[in-house]
Amino acid sequence: MSDDAFDVKLVVTRGTGSQDKEKMQVEVSADSLEELDEKVNGARERLREWADDIRTIQPDGRRRHDDAQTELGGVNA
């Protein structure tokens, strides 16, 4: 084991638009490259699982409003 620490940041971005983009990131640190490889592989698998879960969440195309804002009406100034 060396005195050097190894760090890596994994970033996964899904989607390209402002309303369909999810971004996940995880940072992994280890004392050796072998340990870093093991941790990165575990983190990558976990990110893949999370991304699969997030992909199942799809917007229904409507913007959400409070009940008071669902219809346009006259406004008194």
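Read-outs: derived from the displayed coordinates by stated rules, not from any lab. Quantities reported herein were computed from a predicted structural model and do not represent experimental measurements. Glycine gets a Cβ as well: all are built from the backbone with ideal geometry, and neighbour counts include every protein chain shown.
Give, to the nearest whole percent, the P(r) tail of region 6-57 beyond 14 angstrom, counting all Cα pairs.
On the way: 734 of 1326 pairs.
Above the 14 Å cut-off, region 6-57 has 55 percent of its Cα pairs.
With the charge dipole of region 6-57 set up from +1 on Lys and Arg Cβ and -1 on Asp and Glu Cβ about the Cα centre, the Cα lying farthest toward the positive end among the listed residues Val12, Ala43, Val26 is that of Val12.
Using a simple spin-label model with pseudo-atoms 7 Å out from Cα toward Cβ, Lys39 and Ile57 lie 2.7 nm apart. In this Cβ point-charge picture (+1 for Lys and Arg, -1 for Asp and Glu), region 6-57 has a dipole of about 420 debye about its Cα centre.
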